Amino acid sequence: MEKQIEARDYFKCYILYGLLLLMEQIKLRGQKKILDIMPVIATAGLREAAEDRTKLAEEIEKKTGGMFKLEMTNIEKGTASIEDAYDEALNAPAILKKVKEAEEKGFSAVVIDCFGDPALDAARELVSIPVAGANEAACHLAAQIAPRFSIINILPEVEPLVRGLLAKRGLLQYLASMVPIGIPVLDLEKDREKSASAMAKAIEKAFKEDGAYAVVLGCTGMSSLVEMVKKQLDKKGVKIPIVEPLRAAVYSAIMFSLAGMSHSKAAYMPPRPKPTRL
């Protein structure tokens with residue numbers, strides 16, 4: 001009994017020592033900050049999504065022992081949601097402004113919080129710090145955990161945009177299907193039960209009819225609904241990995257930062273200086 005107590009006490013001391021070392025490393029190296037850019041203007045329609053990001057920030061700080069801090073921001077000018085190429089083009093200048101400011105303010109990495117990855121390539125040309133896209137991170141993760149995955153889209157008209165991103169990244173061979181729920185981004189939180197039910201039905205279809213072994217949520221605005229969806233799927237006996245794109249992107253940004261890596265500047269070369277009128 002005494003030996004067991006001694007072993008337990010030794011283990012506690014070992015853990016405490018490890019935590020003290022980690023805290024010392026944070027003091028020496030400084031806390032690393034990641035900026036989550038919601039590439040839309042702030043509206044009441046995304047209140048739950050904003051709260052979920054606050055929850056995620058707390059989760060990140062806790063899981064990393066304070067080594068990483070996640071901060072959030074919206075753009076000041078643009079649309080309230082991104083659902084097509086027009087919205088992307090309209091919001092791109094404001095997104096790039098936020099990305100540039102993040103590097104100037106000393107952020108270690110940036111996340112573009114939208115499944116369309118708006119202005120992602122341009123952002124990587126503009127800065128040297130890692131810029132993670134929700135679509136890219138989520139779909140690459142899904143391809144690592146399953147040979148076929150489906151994407152649960154918000155609207156049918158989003159499919160060409162998403163399919164184009166998958167083709168560009170060589171991931172179309174992993175795509176089982178795209179299943180739209182028919183609910184615009186700004187309506188996802190109006191009736192949370194309805195939205196969660198539509199998502200659960202779409203995931204069930206992808207799994208049982210389309211041959212998907214995992215699903216990717218096709219909108220970062222769905223993030224606050226994941227737990228509700230999982231509960232409904234559990235009742236139906238549907239066991240399938242769900243990749244939430246915002247978290248995939250944030251944890252990718254952390255990975256890049258820890259590995260000391262960023263996107264290739266040979267591929268994403270800085271823009272050449274030239275006369276510009278905005």
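The values are calculated or read from the model by the stated rules, or taken from the named source; none is laboratory data. Keep in mind that this is a model prediction, so the values were computed, not measured. Neighbour counts are summed over all protein chains in view; Cβ atoms, including those assigned to glycine, are modelled from backbone coordinates with ideal geometry.
Just a few scattered comments:
- Scanning region 42-63 for residues that are under 20 Å from SER195 (Cβ atoms), of a type outside the set (Lys, Arg) and either in contact (Cβ under 8 Å) with a residue 40 or more places away in the chain or in contact with a Ser or Thr (Cβ under 7 Å, 6 or more places away or on another chain) (or both) yields a count of 8.
- Residues (over 18 Å from VAL216 (Cβ atoms) and in the same structural domain as LYS201 (by TED's automatic domain parsing)) located in region 233-255: ASP234, LYS235, LYS236, GLY237
- Of ALA206, ALA212, all but one fail to be assigned to a loop (DSSP other than H, G, I, E, B) and crowded, with 22+ Cβ neighbours inside 10 Å; the exception is ALA212.
- Within this structure, LEU186 passes the test of being in contact with a helix residue (DSSP H, G or I) (Cβ under 9 Å, 6 or more places away or on another chain) and closer than 29 Å to LYS69 by Cα.
For every residue, the table says whether it meets (1) part of a helix (DSSP H, G or I); (2) over 18 Å from GLU136 (Cα atoms).
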residue: LYS235; (1), (2): yes, yes
residue: VAL238; (1), (2): no, yes
residue: ARG247; (1), (2): yes, no
residue: VAL250; (1), (2): yes, no
residue: LEU258; (1), (2): yes, yes
residue: ALA266; (1), (2): no, yes
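- Residue that is hydrophobic (A, V, I, L, M, F, W, C), exposed (fewer than 14 other Cβ atoms within 10 Å of the Cβ) and either in the same structural domain as ALA198 (by TED's automatic domain parsing) or free of Cβ contacts under 8 Å to residues at least 40 places away in the same chain (or both), where the choices are LEU258, LEU278, LEU217, LEU225: LEU258
- Residue list for region 182-203, restricted to those being surrounded by 24 or more Cβ atoms within 10 Å (Cβ to Cβ) and either among the charged types (D, E, K, R) or within 23 Å of GLU88 (Cα to Cα) (or both): VAL185, LEU188
- Complete set of residues in region 230-246 that are surrounded by fewer than 23 Cβ atoms within 10 Å (Cβ to Cβ), farther than 16 Å from PHE149 by Cβ and either under 16 Å from the mean Cα position of the chain (by Cα) or of a type outside the set (S, T, N, Q) (or both): LYS230, LYS231, ASP234, LYS235, LYS236, GLY237
- Checked against (1) at pLDDT 95 or above; (2) surrounded by 17 or more Cβ atoms within 10 Å (Cβ to Cβ); (3) not aromatic (Phe, Trp, Tyr), LYS265 meets all criteria but (2).
- Taking region 77-123 as the range and being charged (D, E, K, R) and within 27 Å of GLU59 (Cα to Cα) as the test, the residues that pass are LYS98, LYS100, GLU101, GLU103, GLU104, LYS105, ASP113, ASP117.
- Of the strands (runs of 3 or more DSSP E) entirely within region 91-185, those holding at least 2 residues that are of a type in the set (Val, Ile, Thr), assigned by TED's automatic domain parsing to the domain that holds ALA196 and more than 24 Å from PHE256 (Cα to Cα) occupy 149-153.
- Restricting PHE207, PHE256 to those that are touching a strand residue (DSSP E or B) at 6+ places or on another chain (Cβ under 7 Å), at pLDDT 95 or above and more than 19 Å from PRO156 (Cβ to Cβ) reduces the list to PHE256.
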